[in-house]
Amino acid sequence: MLNGQAMRNHIALAVVLAAFTTSACVVPAAGPPAATHYPSAPALAPTPQPTMPPPTSNPSSTSNPVSSTQPTTQPSSSNPFGSVQPNIQPSSSPSSSLATSAELARYRPAKRFLASIMGNHSCNRSDLRFVGQPSRLLAPIFATSDGGFVIATDRKTPTAANEYENIPTLYRLDSNGAAVWKAELPSRTQRFATYETTGAIVANDGTIRVRILSYPTPKSSGMQRFVKLSAGGAMLWDVQLPGRGGTDTPFSIAEGVEPNGDLILHGYIVLAREVVKPNDWTGILRYWDGVMTDDGRLGRPTTGATAPADEKFRPWPPMDPFWNDAS
């Protein structure tokens, strides 16, 4: 994947919220060959950026799109994940259970579909290790309750000016791996040179959350966005995490959805006041967590204890051989 290393060294850029209601394109329920072309989603005019409201203590209220509350800092002896407690563990305490080969076999139709489109698509292959795991974290392939799948990819659209240009593209498949619909998710408010769609997750009500990195230039820092879609592929909201990139900007690297639809975020942040040497973040990377509420507002941002610089707190299960075989 392009700029995968940027997830370690650079952190997301600004808060932008845009609420949209457009249906995804519907394609026939048939297994697509590698060169199958799907019509693009309808083009939409940019939606004006909303005025940032003052901090609110009620994240469930629908009157304020995004809270501009600054992260609070807890002493290093506090729980590194703050007050939010989803089923996420540091890698030093690995999950006691992993998906079996038989359980992963159900993903074979989605795996074959993904292989069939890789000639002009890309995906975050390193995070295939999260697919089907009991932790149910955001992943490039996620199973749906009806036996189908959601696949998060980027469709390559290179131009003479930018060979890395692409479009974030989500596919909904049936249980046989045939495409039901697709949704293209470029930013509607800004022009980006390239994207990296790193995964999706399906909530209990069938709605979908997608994590996307948006890059102003192919070599710049990515701006982390989260998009919510309806079960039918309509975009419901599109939110960027706060900050301008670099310091004082959270970067989420592990997400799970709670029964009420809230997306729990876990990641890291570097506080500008702790930087002694420019561009030297040695020893000052801190845990950060928050929640993206079901209606698309960031709540409960918390900065915690100093985190390992190599991100070893992330719950990395081993990559199952299933994802490397050709079947």
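The values are calculated or read from the model by the stated rules, or taken from the named source; none is laboratory data. Note that the coordinates shown come from a computational prediction; the quantities given were computed from them, not determined experimentally. Positions of Cβ are generated from backbone atoms using ideal geometry, with glycine treated the same way; all protein chains shown enter the neighbour counts.
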Per-region count, segment 123-145, residues surrounded by fewer than 17 Cβ atoms within 10 Å (Cβ to Cβ) and under 10 Å from T198 (Cα atoms): 2
Number of the exception - T282 against (1) without any contact (Cβ under 8 Å) to a residue 60 or more places away in the chain; (2) under 26 Å from K156 (Cα atoms); (3) hydroxyl-bearing (S, T, Y): (2)
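Restricting to segment 155-198, and then to whatever is of a type in the set (S, T, Y) and in contact with a helix residue (DSSP H, G or I) (Cβ under 8 Å, 6 or more places away or on another chain), can you tell me which residue is nearest to I117 (Cα to Cα)?
Going through segment 155-198, the residues of a type in the set (S, T, Y) turn out to be 157, 159, 164, 169, 171, 175, 187, 189, 194-195, 197-198.
Of the ones still in play, those that are also in contact with a helix residue (DSSP H, G or I) (Cβ under 8 Å, 6 or more places away or on another chain) are 171, 175, 198.
Working: Y171: 11, S175: 18, T198: 16 Å.
The selected residue is Y171.
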Qualifying residue in segment 262-274 (condition: over 25 Å from Y171 (Cα atoms) and assigned to a loop (DSSP other than H, G, I, E, B)): yes
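Yes or no: P242 in a loop (DSSP other than H, G, I, E, B) and touching a residue at least 40 places away in the same chain (Cβ under 8 Å)? Can you show your working first?
Values: in a loop (DSSP other than H, G, I, E, B): yes; touching a residue at least 40 places away in the same chain (Cβ under 8 Å): yes.
So P242 fits the description; yes.
Every residue, every condition in (1) in contact with an Asp or Glu (Cβ under 8 Å, 6 or more places away or on another chain); (2) in contact (Cβ under 8 Å) with a residue 60 or more places away in the chain, yes or no:
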| site | (1), (2) |
| --- | --- |
| E165 | no, no |
| T169 | yes, no |
| T197 | yes, yes |
| G206 | no, yes |
| R209 | yes, yes |
| L213 | yes, yes |
| M223 | no, yes |
| V227 | yes, no |
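Can you tell me which residue is nearest to A307 (Cα to Cα) among those in segment 247-264 that are touching a helix residue (DSSP H, G or I) at 6+ places or on another chain (Cβ under 8 Å) and surrounded by fewer than 23 Cβ atoms within 10 Å (Cβ to Cβ)?
Here is the first cut: in segment 247-264, the residues touching a helix residue (DSSP H, G or I) at 6+ places or on another chain (Cβ under 8 Å) are 247-248, 251, 253.
Applying the additional criterion that residues be surrounded by fewer than 23 Cβ atoms within 10 Å (Cβ to Cβ) yields 247-248, 253.
Numbers: T247: 15, D248: 15, I253: 13 Å.
In this case the residue turns out to be I253.
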Selection from segment 190-202 of residues that are in contact with a strand residue (DSSP E or B) (Cβ under 8 Å, 6 or more places away or on another chain) and either closer than 18 Å to L137 by Cβ or in a loop (DSSP other than H, G, I, E, B) (or both): Q190, F192, A193, E196, T197, T198, G199, A200, I201, V202
Those residues of segment 203-255 which are closer than 25 Å to F142 by Cα and in contact with a His (Cβ under 6 Å, 6 or more places away or on another chain), in sequence order: A254
Single residue of segment 158-187 satisfying the filter (within 17 Å of the chain's Cα centre (by Cα), assigned to a loop (DSSP other than H, G, I, E, B) and not aliphatic (A, V, I, L, M)) that is modelled with the highest pLDDT: P186
Pairs with Cβ under 7 Å, 6+ apart, first in segment 131-149 and at pLDDT 95 or above, second assigned to a loop (DSSP other than H, G, I, E, B) and among the acidic types (D, E): G148/D174
Subset of segment 241-287 (residues that are more than 22 Å from N124 (Cβ to Cβ) and of a type in the set (D, E)): D248, E258, D262, E274, D280
Selection status of G199, surrounded by 19 or more Cβ atoms within 10 Å (Cβ to Cβ) and on the phi > 0 side of the Ramachandran plot: yes
Of all residues in segment 275-293 being part of a loop (DSSP other than H, G, I, E, B) and β-branched (V, I, T), the one that is nearest to the chain's Cα centre (by Cα): T293
Considering residues of segment 220-239 that are in a strand (DSSP E or B) and among the aliphatic types (A, V, I, L, M) only, the residue surrounded by the fewest Cβ atoms within 10 Å (Cβ to Cβ): L236
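Here are some residues: G267, G304. Which one is touching a Phe, Trp or Tyr at 6+ places or on another chain (Cβ under 6 Å), at pLDDT below 90, under 26 Å from Y215 (Cβ atoms) and crowded, with 21+ Cβ neighbours inside 10 Å?
Working: G304 fails: under 26 Å from Y215 (Cβ atoms).
Being touching a Phe, Trp or Tyr at 6+ places or on another chain (Cβ under 6 Å), at pLDDT below 90, under 26 Å from Y215 (Cβ atoms) and crowded, with 21+ Cβ neighbours inside 10 Å holds for just one of G267, G304, which is G267.
Determine which member of the set A179, A161 is hydrophobic (A, V, I, L, M, F, W, C) and in contact (Cβ under 8 Å) with a residue 40 or more places away in the chain.
Working: A161 fails: in contact (Cβ under 8 Å) with a residue 40 or more places away in the chain.
None of the other options fit; the residue is A179.
In the set G256, G296, which member is touching a strand residue (DSSP E or B) at 6+ places or on another chain (Cβ under 6 Å), within 25 Å of I208 (Cα to Cα), touching a residue at least 60 places away in the same chain (Cβ under 8 Å) and not in a strand (DSSP E or B)?
On the way: G256 fails: not in a strand (DSSP E or B).
After applying the criteria, what remains is G296.
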